[in-house]
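The values are calculated or read from the model by the stated rules, or taken from the named source; none is laboratory data. For clarity, every value in this text was computed on a predicted model and none was experimentally measured. As a convention, Cβ positions derive from the backbone with ideal geometry for all residues, glycine included, and neighbour counts pool all protein chains shown.
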Amino acid sequence: MDFKQIEAFVNVVRFKSFSKAADASFFSQPTISTHIQNLEKELGVKLLDRKSRTVEPTPQGNAFYKYAVEMLNARARAIDAIGNASDSVSGVLELQSSSVPSVSFLPELMAEFKKSNEGIQYYLSVSDTQNVIDNIMDRRGEIGFIGEEIKNPALKSELVFKDKSVLIAPASYKIGKKIKLADSFSYPFIWRESGSATRANFEKAVRAAGLDSSELKLAALVDDIDAIVRSVEAGLGVSIISEKIAASLEGRVKVANITDFDEKRSFYMIHLKNSSLSPAAAAFAEFVQKKTI
């Protein structure tokens, strides 16, 4: 077993594709396949299921993946410990993010961090808050960004950003700059998936106001922020998004503050407590702590 085999396996699991894993590791696809075959032969188990369109780890592959990531991180820390005195880091930094952080503040942080760390490459996976938590727990990413505080003894959670939610509406709608929760019920909603922290916080405010969220007029369920914005812009309905994102949409949609839903949203950076971060992830986490809030 060598590190090239382990790296090939980890990248195939990350990208769920032999071709994408080859691009990420600068190997050819046949080389990736050979590394995986040799690793499976040495371990005596099948690590990957190649039957579906995407490649998925087998139960044995899932179990091995956690140790494979730890081995690669340990190698990176060892090289960093005996390397030169440069403050810059390099390598693939795997991040998990819920949808709002992925478009509101994370891209700027990634771009600025890379300016002083040119050898960094990012793999960013965007899903809902619960999936981010699950992926970090399964070591499918070292650092995650989510829109709610969690009470999980296995995870370290740090507040890194604050924002508030606003309502956006098509330019043709007769909506002012302020609106009440009850009045928003008269418009069709483009809503997020059930794992969304934005949706959960809005529904919590609705219940606190004595309203019934089941009475919302649902126009569509959409799990992508850009698709939500485009749907609102096209006139499909209204939605709730980050104020920072809404500020970038001037002229494309109408933006209204919800007077009885004006609390600040908090966003958190999470990672496993009992697992050492790679040098790249540790440096990025420290950078984020200094740059946010």
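A few points about this structure:
- Residues satisfying the stated conditions in the range 100-124, i.e. of a type in the set (Lys, Arg) and in contact with a strand residue (DSSP E or B) (Cβ under 8 Å, 6 or more places away or on another chain): 114
- When we screen 143, 168, 120 for residues that are modelled with pLDDT of 95 or more and over 30 Å from residue 250 (Cβ atoms), the only hit is 143.
- Taking the criterion of being under 17 Å from residue 228 (Cβ atoms) and among the small types (Gly, Ala, Ser), the residues of the range 97-116 that qualify are 97, 98, 99, 102, 104.
- Those residues of the range 235-270 which are assigned by TED's automatic domain parsing to the domain that holds residue 175 and in contact with a Pro (Cβ under 6 Å, 6 or more places away or on another chain), in sequence order: 235, 237
- Count of residues meeting criterion [in contact (Cβ under 8 Å) with a residue 24 or more places away in the chain, among the charged types (D, E, K, R) and in a strand (DSSP E or B)] in the range 246-293: 3
- Residue among 189, 161, 113, 145 that alone is in contact (Cβ under 8 Å) with a residue 24 or more places away in the chain, more than 21 Å from residue 246 (Cα to Cα), hydrophobic (A, V, I, L, M, F, W, C) and outside any loop (DSSP other than H, G, I, E, B): 113
- Residue count for the range 245-275, restricted to those that are exposed (fewer than 14 other Cβ atoms within 10 Å of the Cβ) and under 30 Å from residue 78 (Cα atoms): 2
- Residues that are buried (at least 21 other Cβ atoms within 10 Å of the Cβ) and touching a residue at least 24 places away in the same chain (Cβ under 8 Å) number at least 2 in the following helices (runs of 4 or more DSSP H) confined to the range 5-110: 29-43, 59-82, 99-104.
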